[in-house]
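Asker: Below is the structure I would like to discuss, written out as structure tokens.
The values are calculated or read from the model by the stated rules, or taken from the named source; none is laboratory data. None of the values given here were measured: they were computed from a predicted structure. Cβ coordinates were reconstructed from backbone atoms using ideal geometry, including for glycine residues, and neighbour counts include every protein chain displayed. Ligands, DNA and RNA are stripped out before the accessible areas are found, and what is left, the full protein with its side chains, is counted by its heavy atoms. Shrake-Rupley method; radii C 1.70, N 1.55, O 1.52, S 1.80 Å.
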Amino acid sequence: MNTYGLYFFSLALQGIISPLLAIWLWVKAGQQPGMKALALFCVGIGLWATGQLAINLGDARTSELGKMLVNTGPVNAVFFLHFVLRFLGRLQPARIIAWYAVALLVVLGITVFDMGNLLPWLEFQRYYVFPVWGWIPGIFVSGLSTWAYLLLLMAWPAAAPKKRGQILAVCLAGVWGSASTLMFLNASFGIPIFPYSVILLPFYAVLLVLGILRYDMMAVNLWANRFLAWLALSLLTVAIAGLVLSLVAQTGFSPLAALPLWQLWLLGTGMLLIMLMLERPMRSFMEKLIFPGAHLEAAVLSNWRVQLEAAASWQELEATASDLLETHLRQPMPVFLSRDGAPGSSAAEQTCVICYRQQAQAAQAEWHYELRHWEGATPSVQRVGAVFGALLAAAAGRLDQLLRYADQEKQRLQQAHLTELGGLAATVAHELRNPLNIISMAAISCPAEVRNDIREQIERADHLIQDLLSYSGEVRLNCQPVDVAELIDNIVAQLRPPAMANGVQISSEIEQNLHGNIDRMRTEQILNNLLNNALAMLRGRPDARIHIEAATHKQMLRLRICDNGPGIPTEQITDLFQAFKSRRPGGTGLGLAIVRRLVEAHGGSIALVSNSGWNCCFELYLPKSP
């Protein structure tokens with residue numbers, strides 16, 4: 001094959017590789033940012049190569065068709081800009097549509113004003129040559145491409161490490177592509193040198209896609225591993241074949257065509273045996289190059305086990321596992337922990353490790369792992385993932401057990417504390433109520449003003465005693481289906497008169513046919529406590545409002561009590577539900593602690609959340625009636 005044959009073979013190879021690569025991108029990586037635009041860009045490269053081939057090898061009519069394909073270069077430049085903007089998260093649909101419109105106008109101008117000639121050059125029968133006015137589309141394409149690369153380089157300093165690698169890969173691939181097509185312009189510049197650089201063009205699109213996706217899709221690394229292994233093997237085979245033929249020529253057997261059939265068969269068989277002998281070591285070498293960390297050592301396993309078992313929380317275990325695996329594989333590898341069973345396929349689209357808890361029995365939980373989207377990894381890398389997943393599942397089971405024991409011990413200590421506090425509260429209540437009754441009877445003969453002050457203080461003391469007994473006593477529930485709308489309407493009706501007297505508006509938004517599996521009396525106590533707190537904080541404020549929401553959320557009954565009062569200071573949030581921590585004057589400090597205890601007795605939860613338009617919002621989750 002002479003130089004011209006190699007040139008045409010390179011264009012044909014580019015015309016085949018680029019559309020196949022575009023189809024693969026569209027199907028396999030279409031959900032990733034900018035990949036569909038990159039697929040169209042690959043199609044454009046293939047059209048350019050096909051057009052050049054048609055110009056050189058076709059008849060006059062086919063050459064004109066090839067010229068039209070080459071003239072689509074401005075649209076392809078917009079495809080590349082579209083990909084860069086989408087990849088960087090800076091795409092503005094209106095502007096990119098405008099660029100497509102400009103590119104189509106440039107293509108129309110090329111066609112109408114015939115900004116390219118097909119002329120004989122060197123030994124080419126026809127070659128695309130730009131006249132002076134034909135540089136206008138070239139300036140458009142070059143300017144647009146340069147702008148895209150400048151955007152990438154400007155984004156590089158602030159990008160994450162993975163994105164930096166991708167940006168660098170795109171820029172290096174761009175240098176390769178520019179260098180490959182540079183000598184194509186020799187004819188237009190009047191330089192009588194063969195366009196050798198175009199022979200390197202087929203690798204441009206492959207390098208571009210590999211550089212972007214090797215961090216996100218293991219299948220890309222697998223194909224890169226196979227491609228490099230076979231490329232190196234092919235080059236080595238050619239070198240050995242050349243050496244053998246040289247030796248044959250020196251011994252007087254240079255005319256290979258004159259060799260007997262058995263000698264040719266023997267030579268071919270020997271070459272095949274050499275390829276088979278070198279295939280495994282070459283594949284192993286390329287695997288180490290593409291998949292670093294594919295082998296395990298005892299020290300690595302010991303380090304993994306120690307660090308995973310040292311984690312004291314789920315967040316720490318997840319972060320530690322991700323760091324260990326990323327360090328070993330030398331590529332991003334997120335790890336997700338789930339205590340509610342295996343997540344669905346849409347939960348994690350990228351290559352990752354998922355460790356989840358599967359409830360086997362009421363008192364026993366088993367942890368499992370899943371290597372998600374690892375299909376493209378080699379068996380040795382999958383073996384590394386399986387070993388790591390088993391260690392992670394064991395560490396997660398151990399941490400789960402430790403946290404369960406800690407929670408049980410905490411509940412035991414809390415119950416012991418409440419039992420002790422209950423006995424103390426009962427004694428205090430008995431000892432205080434008699435003196436309070438005597439003081440109340442003695443106050444009858446006092447002036448009205450003094451008598452009112454004494455009554456308020458006695459009521460406050462009695463309220464404290466009641467809260468103390470309620471907080472420390474045993475919580476017994478009688479849960480049954482309750483109409484949430486009817487429950488809230490009754491409570492609001494009782495609170496509306498004092499609310500209106502203080503200028504407070506109460507509104508509600510309740511889902512229809514909503515029923516909770518709750519203790520009605522205890523739930524009334526919870527809501528009354530929260531609403532009375534809100535009324536106390538809103539007293540004397542202009543445009544005071546309280547809003548109650550009730551809806552279904554994740555198979556639970558979600559209640560929200562929000563107000564536009566002064567809110568809760570940041571320093572009080574951490575111990576907001578602790579006993580004897582009051583945020584309003586005259587409070588006992590037990591109201592929110594009682595609320596939390598009653599909510600948790602239902603198997604629910606309560607938290608202070610942020611809600612747009614409201615300064616304070618409590619969110620409760622209680623069991624929902626089926």
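Asker: Considering Cα pairs under 8 angstrom that are at least six residues apart, work out the relative contact order of the range 89-195 and quote it in whole percent.
Answerer: Contact order relative to length: 20 percent.
Asker: Also: Distance cut-off 24 Å, Cα to Cα: go down the list Lys410/Lys554; Lys36/Lys162; Lys28/Lys67 and report the pairs above it.
Answerer: Check vs 24 Å cut-off fails for Lys410/Lys554; Lys28/Lys67.
Asker: Now for a separate question. Pairs of alpha-carbon atoms within less than 8 angstrom and 6+ residues apart define the contacts here; what relative contact order does the range 508-587 have, in percent?
Answerer: 29
Asker: Compare the peptides 563-570, 314-321, 438-445, 188-195 by average per-residue count of other Cβ atoms within 10 angstrom and give them in order, highest first. List each step's numbers first, then the result.
Answerer: Numbers: 563-570: 15.8, 314-321: 17.4, 438-445: 11.2, 188-195: 13.0.
Peptide ranking by packing, descending: 314-321, 563-570, 188-195, 438-445.
Asker: Next question. In a shell of Cβ-Cβ distance under 13 Å around Trp147, excluding Trp147 itself, what net charge do Lys and Arg (+1) and Asp and Glu (-1) give?
Answerer: So the environment of Trp147 carries a net charge of +2.
Asker: In terms of the Cα gyration tensor, with a ≥ b ≥ c the square roots of its eigenvalues, is the range 12-170 rounded because a/c is under 1.5, prolate because a/b exceeds b/c, or oblate?
Answerer: Details: a/c = 2.21, a/b = 1.68, b/c = 1.31.
It comes out prolate by the Cα gyration axes.
Asker: Before I look further, what does the range 1-64 give for accessible area per residue, probe 1.4 Å, in whole square angstrom?
Answerer: Per-residue value: 48 Å².
Asker: I'd like the accessible area for Tyr405: 1.4 Å probe, protein heavy atoms, all chains in place, Å² to the nearest 10.
Answerer: Spelled out: Tyr405, probe radius 1.4 Å, area about 130 Å².
Asker: Between the alpha-carbon centers of the range 136-175 and the range 511-585, tell me the distance in whole angstrom.
Answerer: 54
Asker: Would you work out if the range 73-125 is rounded, prolate or oblate? Take a ≥ b ≥ c from the square roots of the eigenvalues of the alpha-carbon gyration tensor; rounded if a/c is under 1.5, else prolate when a/b is larger than b/c, oblate otherwise.
Answerer: Oblate.
Asker: Can you figure out the FRET efficiency of Arg539 with Asp407, using R₀ = 35 Å and their beta-carbon distance, to the nearest 0.05?
Answerer: Rounded to the nearest 0.05, the efficiency is 0.35.
Asker: So for the range 1-115, taking the charge dipole from beta-carbon charges (+1 Lys/Arg, -1 Asp/Glu), which of His82, Gln52, Thr111 sits furthest toward the positive end?
Answerer: Going by the Cα projections, it comes out as His82.
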